[in-house]
Amino acid sequence: QSGAGKSTVIELISRFYDVQEGEITYDGIPILRIKKDALRGSLAMVLQDTHLFTGTIRENIRYGRLDATDAEVEQAAKMASAHSFIMRLENGYDTMIEGDGANLSQGQRQLLNIARAAISKAPVLILDEATSSVDTRTERHIEHGMDRLMAERTTLVIAHRLSTVRNANAIMVLENGEIIERGDHDQLLEQKGRYYELYTGKKQLA
């Protein structure tokens, strides 16, 4: 649910602020001992709110890794399912982006965000409500891009839409800042608890 603490977990992992109690480890290393630049450089993020910059589409994708070649930019766009819409634009990859992407749809902006994450080659990917503000058809395009993006990476997915997480190795259900259930999709359905209620829309009778 909203306010359960999902995004706060990501902000702690990224060290936007630090834990006051307990410890977060990253590959067994306490993250307070990892330089912020190195930590954040190992994380690629696709967030609910996309942020694009004044410049071309090519430059915006390359922002994920500044030394990327033009061929790598296009490869990342194809991985993200963004290449086809880019090629339909009058100037293709050289199309100028205006005012945080005002000349693009929300779905197109999100596909560019995924391409930027794809080009970064970061070993850990964070998806925070990445499809929550798009229509169902666009969501399918974005999910195809995300499926390719998640291959060979450790991925943390935050989602209200449970279809986004049902194939995860481990699902954690948060409520009021605490993990109340943990398991894979089938295990959590068998428990007939909070995840079951959210997934089926049913409440178990006492």
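The values are calculated or read from the model by the stated rules, or taken from the named source; none is laboratory data. What you are looking at is a predicted structure, and each value in this text was computed from that prediction instead of being measured. Methodologically, a virtual Cβ is constructed for each residue, glycine included, from the backbone with ideal geometry; neighbour enumeration extends over all protein chains shown. Please note that ligands, DNA and RNA were not included when accessible areas were found on the heavy atoms of the full protein model with its side chains. Shrake-Rupley method; radii C 1.70, N 1.55, O 1.52, S 1.80 Å.
Brief remarks follow.
- Criterion (surrounded by fewer than 12 Cβ atoms within 10 Å (Cβ to Cβ) and assigned to a helix (DSSP H, G or I)) met by exactly one of Ala115, Ala71: Ala71
- Residues in the range 6-25 that are surrounded by 14 or more Cβ atoms within 10 Å (Cβ to Cβ) and part of a loop (DSSP other than H, G, I, E, B): Ser14, Arg15, Ile24.
- Whenever a residue of the range 1-30 is hydrophobic (A, V, I, L, M, F, W, C), its partners that are loosely packed, with under 11 Cβ neighbours inside 10 Å and part of a loop (DSSP other than H, G, I, E, B), lying with C-beta atoms within less than 7 angstrom and at least six residues away or across chains, give the pairs Ala4/Asn176.
- Residues satisfying the stated conditions in the range 77-90, i.e. touching a residue at least 24 places away in the same chain (Cβ under 8 Å) and not aliphatic (A, V, I, L, M): Ser81, Phe85
- Restricting the range 26-48 to residues that are within 16 Å of the chain's Cα centre (by Cα) and farther than 30 Å from Tyr199 by Cα, the residue that is least open to solvent (accessible area, probe 1.4 Å): Ser42
- Filter result (open to solvent by 90 Å² or more (accessible area, probe 1.4 Å) and farther than 19 Å from Gly5 by Cβ) within the range 157-194: Arg166, Asn167, Asn169, Asp186, Gln187, Glu190, Gln191, Lys192
- Conditions (1) of a type outside the set (S, T, N, Q); (2) touching a helix residue (DSSP H, G or I) at 6+ places or on another chain (Cβ under 6 Å); (3) more than 23 Å from Asp147 (Cα to Cα); (4) not in a loop (DSSP other than H, G, I, E, B): number failed by Ala77: (3)
- Taking residues in the range 96-114 that are touching a residue at least 12 places away in the same chain (Cβ under 8 Å) and over 15 Å from Leu47 (Cβ atoms), and partners anywhere that are part of a loop (DSSP other than H, G, I, E, B) and open to solvent by less than 60 Å² (accessible area, probe 1.4 Å), the pairs with Cβ atoms closer than 6 Å and at least 6 places apart or on different chains are Ile97/Leu52.
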